[in-house]
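The next block holds one structure in the form of structure tokens; read it before the comments.
The values are calculated or read from the model by the stated rules, or taken from the named source; none is laboratory data. What you see is a predicted model, and the numbers here were worked out from it, not measured in a lab. Here the Cβ positions follow ideal geometry from the backbone for every residue, glycine too, while neighbour counts run over all protein chains shown. Heads up: the accessible areas ignore ligands, DNA and RNA and are worked out on the full protein's heavy atoms, side chains in. Shrake-Rupley method; radii C 1.70, N 1.55, O 1.52, S 1.80 Å.
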Amino acid sequence: MHPSSAADFEVLYDELEMWRLGELERIRSMEGAEAEQKQAAHFALLMKEVKLVQTIDKLKSTANEAKAQQTIDNEMQSMSAPKMWKNSDGKITEVHTPYTTRARELKELYNGLKSELSVDDRLDILLHIKWTVKEFDSTLTREIVDLVDREADLLARGRSERMMDGLRKRIVKLFLEFINTPEYNPEAARFNKPLLFDGKDMDMLRTRMPKMLLSTGVITSSSAAVTASQ
């Protein structure tokens, strides 16, 4: 059994309670047992119950972490999804904007942070994150840079991954906070689902998008000229 929902864990706790009550009844009905023997049996039962509760709580914590991570992954996928543009002819076109492109790059860096990588690849991810956050100057970005530099130094010294576990979790947590801040990632402000634009909006924004995309290198100048002329 792989419990994941609140109902699943409620079943486990109920079964545990039924087992405990059954064991209590068995101890009470022990014929010829001295008081000390029953006391020892009660203590043994208590120890078993504590161990079982700890096991269930650990399963519950693991399930909650998995659910939280799934929520994070879903939100990042939504942030980096293309916008849905409705043309005057009613057809839908998928378009990546500078904001969704930014969100996609941040998602890839975040996934890289959580992946098993070689030392060289890990250093490459850390360097990209450092220069990404250094575009902004804040307490958050300075702390991320400091932690990234600290891990890079430990990697250069050949320290074990186990020694850096806490540091890496802190970097992931702060970088996730960076991703969820609209000032650094505009798509974080509205990541529920892509917006649908009507034909009039599409015509108005078609003239603006080439310049925006050129500034980020998403399209070339020749592509921009073709798009603007349509």
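For residue 83, the conditions (1) at pLDDT below 95; (2) farther than 28 Å from residue 4 by Cβ; (3) out of contact with any His (no Cβ under 9 Å at 6 or more places or on another chain) are fulfilled apart from (3). Of all the listed residues (122, 157, 150, 162), the sole one being under 22 Å from the mean Cα position of the chain (by Cα), open to solvent by 90 Å² or more (accessible area, probe 1.4 Å) and not hydrophobic (A, V, I, L, M, F, W, C) is 162. Exactly one residue among 134, 130, 114 is free of Cβ contacts under 8 Å to residues at least 24 places away in the same chain and open to solvent by 80 Å² or more (accessible area, probe 1.4 Å), and that residue is 134.
Annotation for region 14-23: no member residue is within 30 Å of residue 70 (Cβ to Cβ), outside any helix (DSSP H, G or I) and not acidic (Asp, Glu). When 72, 56 are checked against the criterion of being in a helix (DSSP H, G or I), out of contact with any Asp or Glu (no Cβ under 8 Å at 6 or more places or on another chain) and under 26 Å from residue 28 (Cβ atoms), a single residue qualifies: 56.
For region 68-91, a residue qualifies if it is surrounded by 12 or more Cβ atoms within 10 Å (Cβ to Cβ) and of a type outside the set (S, T, N, Q), and the qualifying residues are 72, 73, 75, 76, 79, 81, 82, 83, 84, 85, 86.
Being under 17 Å from residue 183 (Cα atoms), open to solvent by less than 70 Å² (accessible area, probe 1.4 Å) and not polar (S, T, N, Q) is a property that residue 143 has.
Sub-8 Å Cβ pairs linking a first residue in region 162-184 that is within 17 Å of residue 103 (Cα to Cα) to a second residue that is in a loop (DSSP other than H, G, I, E, B) and open to solvent by less than 50 Å² (accessible area, probe 1.4 Å), at least 6 apart or interchain, are 178/184; 178/185; 179/185, ordered by first then second residue.
Of all the residues in region 7-24, those that are within 14 Å of residue 57 (Cβ to Cβ) and open to solvent by 80 Å² or more (accessible area, probe 1.4 Å) number 1.
Yes or no: region 28-49 includes at least one residue that is out of contact with any strand residue (DSSP E or B) (no Cβ under 8 Å at 6 or more places or on another chain), basic (Lys, Arg), exposed (fewer than 13 other Cβ atoms within 10 Å of the Cβ) and at pLDDT below 90. Within region 28-49, one or more residues are out of contact with any strand residue (DSSP E or B) (no Cβ under 8 Å at 6 or more places or on another chain), basic (Lys, Arg), exposed (fewer than 13 other Cβ atoms within 10 Å of the Cβ) and at pLDDT below 90.
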